[in-house]
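Working notes, structure below.
The values are calculated or read from the model by the stated rules, or taken from the named source; none is laboratory data. Because the structure is predicted, anything quoted here is derived from the model rather than measured. Here Cβ is always computed from backbone atoms with ideal geometry, including for glycine, and neighbour counts include all displayed protein chains. Note: areas computed on protein heavy atoms with side chains; ligands, DNA, RNA excluded. Shrake-Rupley method; radii C 1.70, N 1.55, O 1.52, S 1.80 Å.
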Amino acid sequence: MAEGGVQEPFARAARQREAERLGMLIFLASEVMLFGGIFAAALALRLEHPAGYVDAAHHLKLWLGTANTGVLLTSSLCAALAVQAARNGQARWAACALWGAVALGTVFLAIKGVEYAGEYREGLMPGMATTHFEGRTQQLFMNLYFIGTGLHAVHVTFGLALLAAAALNRGARQDRHAMLIGNVALYWHLVDVIWVFLYPTLYLAGVR
Amino acid sequence: MTDEPRFEHPPEERAPSYLAESHSLRSWFFTTDHKRIALLYLVSITLFFLIGAGAAALIRLDLLTPQGDLLTNDGYNRAFSIHGIIMVWFFLIPSIPNVLGNFLVPIMIGTRDLAFPRLNLLSWYIYILSGLLTLYVVVSGGVDTGWTFYTPLSSVYANGAVVATIVAVFISGFSTILTGLNFIVTIHKLRAPGMTWSRLPLFIWSHYAVSIIFVLATPVLAITLLLVAAERLIGIGVFDPRLGGDPLLFQHLFWFYSHPAVYIMVLPALGVVSELITAAAHKRIFGYWFVAFASIAIAVIGFMVWGHHMFVSGQSVFASAVFSFLSIAVAVPSAIKVYNWTATLYKADVAIDAPLLFALGFIGLFVAGGLTGLMLAMLAIDVHVTDTYFVVAHFHYIMVGGSVTAFFGGLHFWWPKMTGRLYNETLGRIAAILILVGFNITFFPQFLLGYQGMPRRYHVYPPEFQVLHVISSLGAALLAVGYAMPAFYLLWSLLPGGRRAPANPWGASGLEWTTSSPPPKHNFIAQPVVVRQPYDYPLAHPASRDDG
């Protein structure tokens, strides 16, 4: 990424920044399509088994999912604040906000881990010796739940690594254009947005 | 040619060409030069073309006799699966974009390189990684699902290396996405001064359209294949009817990617042909904006036609009717292109060289493939010929007759630019004609076979089909000779003493012909400034061809 210097094949730094931002947005568009497949599967499942889907969703820990939504949204806020701080030239604040985002993202993963552990104990995790479901639709739903939230957790982990790398990068913190931090923040917002759709699709569907 | 005088430097002022600049292995395998990466791709996809062609040869040999004497049932399934998987993902999809596109996109818009040169090299390494995994699949006994991975065959019953194949295709998708991303950003942000959108070569328009499909369709295939792999490994059931899952959901998701993937294979070919036709006719393209926007229209409508692969799947008749209508609609922009090429050639002083012969062959085969595509888009006819050789012939007319012919045409057209050498034009013309004739002998009988009811993917068939199958196999032998010829005379031209190419051997317009052949490392000595429309014939300074 640009640390002030202009790299091949660009002649001007401003044009290079535009290109990097556009590249990131296009990458995020492809990420949206990736999760689109999961949402299509969830939609098909719910259309084919409307009642069973709701019953299965009811078994998820709604309060853990809700808490995690708050945690991840706040983490996203931190990333946005980091971008603003870097633009204002407040490198220290940018680093603090980035570490705040990392901390909250880690809390998200920890809560998710607690949730998975609970589901493992209840025998709801696919492919385990203790697995036992109440019915086929619950099995389908839980499997899709693990694929969807698992793929999301992979993205969260990757995003945390990016956030930490940005926080450790002095050049990125001091960049008044916030290029690296801005792109990392965009990725983090996408991880957030995907969760904002996963949460109603999986958790809120079970609210009666 | 718009700015040729700017680049007429005396030889001693010229920078060394990108090929002569350095010779170490390191300078090739760690290059970020888009031109060198294009050549890396050219070598690798040729390798995969040979493997895929080998599988095709096995198929055609086996079909010589109605009993299928050469291969076992399982062996035949594995042969056509490997043929499809390698030809689609490891040859056709990367062929024109990653070789010709990689080489030409930056030069045609007048810049030094793609926007993200290291990402470009990374996508080649990702492609190689996925290719090695595919080679592992081939040597470990292959896979028997066909290239479509239909569930529950792929998820439950198939006994080959399904997961390894899926992982290979999954990984290759990242290479595709990164290439598409790189092209879009490059075309948006790195055009030379004066290179407005209305001055872009049509090759660029079609690569822009295909990049959109790369970025938006490939991830859907990725998640779909991930679900199939998870189904096979831990039985998650999304596509498994025994759990209440839906195998048709797989078909929807797969074709949501794979029908646009057909346009991935043909859109770059359309761009190549626009360049070949205008260069041979020495005329401005007829209806520039129609041809340009036809590419975008194909990309957009192409996303909404996937259901025509599922007319007999039991989807609702209403859905089928809508998909049928949209599939017919997508033929309109394709037809516009064909009419505009023909109008460009009308009353032109045409130079009958190998690139034009390939382009004309393309038009003929593309029209035949397109019209049979219209037949398949009609609900009633499709039900009759679903899963028969009619479908096989149709998509080979588009993907082989169309895309591969255009790839060969483009390779001949830009060979002097890429290598700085002129190939033997007579042999080029012979190869172009041989490929056209061999192709038709191979695949036209398959239309007849299919219409009479020969199902695809069967190697034991009723004896009355044997005559047509034997004709098809003989045609395939001719086609193989046609495809092998360029490998010899193109490589021959590289030997010491081969004829050097001038900067503009075809007297064509376009920025790539204003720089030396082969171009210097940074493509141009000085930043080009574009002041004319594209295809601005007649050229201000027509270059003479020194190739008798």
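Odds and ends about this structure:
- Residues that are within 14 Å of chain B (Cβ to nearest Cβ) and at pLDDT 90 or above number at least 1 in the following helices (runs of 4 or more DSSP H) confined to segment A:115-208: A:136-168, A:179-198.
- Residue match in segment B:144-153 (condition: of a type in the set (Asp, Glu) and open to solvent by less than 10 Å² (accessible area, probe 1.4 Å)): no
- Extreme residue, farthest from B:Leu365 (Cα to Cα), among residues of segment B:416-468 that are of a type in the set (Lys, Arg) and not in a helix (DSSP H, G or I): B:Arg421
- Qualifying position, being surrounded by 18 or more Cβ atoms within 10 Å (Cβ to Cβ) and under 30 Å from B:Met195 (Cβ atoms), among B:Ile166, B:Ile107: B:Ile107
- Out of B:Leu129, B:Leu202, one residue alone is in contact with a Leu (Cβ under 9 Å, 6 or more places away or on another chain), within 29 Å of A:Gln16 (Cβ to Cβ) and hydrophobic (A, V, I, L, M, F, W, C). It is B:Leu202.
- Among (1) free of Cβ contacts under 8 Å to residues at least 40 places away in the same chain; (2) farther than 30 Å from B:Pro416 by Cβ; (3) of a type outside the set (S, T, N, Q); (4) open to solvent by 30 Å² or more (accessible area, probe 1.4 Å) - the single one B:Ala55 does not satisfy: (4)
- Within segment B:225-235, if we keep just the residues that are crowded, with 23+ Cβ neighbours inside 10 Å and touching a residue at least 60 places away in the same chain (Cβ under 8 Å), the residue that is farthest from B:Leu114 (Cα to Cα) turns out to be B:Glu231.
- Flag if B:Val88 is open to solvent by less than 10 Å² (accessible area, probe 1.4 Å) and more than 26 Å from B:Tyr458 (Cα to Cα): no
- Cβ-Cβ distances below 7 Å connect the following pairs, each with a first residue in segment B:249-277 that is under 22 Å from B:Ser175 (Cβ atoms), a second residue that is among the small types (Gly, Ala, Ser) and open to solvent by 10 Å² or more (accessible area, probe 1.4 Å), and a separation of six or more residues or different chains: B:Leu253/A:Ala40.
- Residues satisfying the stated conditions in segment B:320-364, i.e. closer than 15 Å to B:Ala406 by Cα, of a type in the set (A, V, I, L, M, F, W, C) and open to solvent by less than 50 Å² (accessible area, probe 1.4 Å): B:Val338, B:Trp341, B:Ala354, B:Leu356, B:Leu357, B:Phe358, B:Ala359, B:Phe362, B:Ile363
- Leading residue by the ranking (farthest from the other protein chains (Cβ to nearest Cβ)) among those in segment B:185-194 that are crowded, with 22+ Cβ neighbours inside 10 Å and part of a helix (DSSP H, G or I): B:Ile187
- Residue that is nearest to B:Leu100 (Cα to Cα), among those in segment B:12-31 that are assigned to a loop (DSSP other than H, G, I, E, B) and charged (D, E, K, R): B:Glu21
- Among residues that are surrounded by fewer than 21 Cβ atoms within 10 Å (Cβ to Cβ), away from every other protein chain (no Cβ under 14 Å) and under 24 Å from A:Trp188 (Cα atoms), A:Cys78 is not included.
- Selected residue [within 14 Å of another protein chain (Cβ to nearest Cβ), more than 22 Å from B:Val266 (Cα to Cα) and open to solvent by 10 Å² or more (accessible area, probe 1.4 Å)] from B:Leu121, B:Leu133: B:Leu121
- Matching residues in segment B:440-476 - criterion: being small (Gly, Ala, Ser) and either touching an Asp or Glu at 6+ places or on another chain (Cβ under 9 Å) or open to solvent by less than 30 Å² (accessible area, probe 1.4 Å) (or both): B:Gly450, B:Ser472, B:Ser473, B:Gly475, B:Ala476
- Residue in segment B:411-419 that is more than 19 Å from the chain's Cα centre (by Cα) and open to solvent by 30 Å² or more (accessible area, probe 1.4 Å) present: no
- Test: residue in segment B:235-242 that is assigned to a helix (DSSP H, G or I) and at pLDDT below 95: yes
- Residue pairs whose Cβ atoms lie under 6 Å apart, sitting 6 or more positions apart in sequence or on different chains, and linking a residue in segment A:36-49 that is more than 7 Å from chain B (Cβ to nearest Cβ) to a partner that is open to solvent by 30 Å² or more (accessible area, probe 1.4 Å) and in a helix (DSSP H, G or I), are A:Ala42/A:Thr201.
- Looking across B:His282, B:His309, one residue alone is in contact (Cβ under 8 Å) with a residue 60 or more places away in the chain and open to solvent by 40 Å² or more (accessible area, probe 1.4 Å). It is B:His282.
- Residues that are under 26 Å from the mean Cα position of the chain (by Cα) and aromatic (Phe, Trp, Tyr), drawn from segment B:463-504: B:Tyr483, B:Phe488, B:Tyr489, B:Trp492
- Residue that is most open to solvent (accessible area, probe 1.4 Å), among those in segment B:1-19 that are more than 14 Å from chain A (Cβ to nearest Cβ) and modelled with pLDDT of 90 or more: B:Leu19
- A:Ala56 being among the aliphatic types (A, V, I, L, M), more than 9 Å from chain B (Cβ to nearest Cβ), crowded, with 17+ Cβ neighbours inside 10 Å and over 15 Å from the mean Cα position of the chain (by Cα): yes
- Residue check: B:Ala222 meets all listed conditions (1) within 9 Å of chain A (Cβ to nearest Cβ); (2) within 26 Å of B:Phe91 (Cβ to Cβ); (3) open to solvent by less than 10 Å² (accessible area, probe 1.4 Å) but one, namely (3).
- Qualifying residue in segment B:257-265 (condition: out of contact with any strand residue (DSSP E or B) (no Cβ under 9 Å at 6 or more places or on another chain) and at positive phi): no
- Residue check for A:Arg208: closer than 30 Å to A:Phe141 by Cβ, of a type in the set (Lys, Arg) and touching a residue at least 60 places away in the same chain (Cβ under 8 Å): yes
- Of all residues assigned to segment B:195-218, none qualifies as being away from every other protein chain (no Cβ under 14 Å), within 16 Å of B:Phe90 (Cα to Cα) and open to solvent by less than 10 Å² (accessible area, probe 1.4 Å).
- Of all residues in segment A:60-71, none are within 12 Å of chain B (Cβ to nearest Cβ) and aromatic (Phe, Trp, Tyr).
- With respect to (1) open to solvent by less than 20 Å² (accessible area, probe 1.4 Å); (2) within 25 Å of the chain's Cα centre (by Cα), the lone exception for A:Gly123 is condition (2).
- Count - residues of segment A:3-23 that are more than 7 Å from every other protein chain (Cβ to nearest Cβ) and in contact with a Ser or Thr (Cβ under 7 Å, 6 or more places away or on another chain): 0
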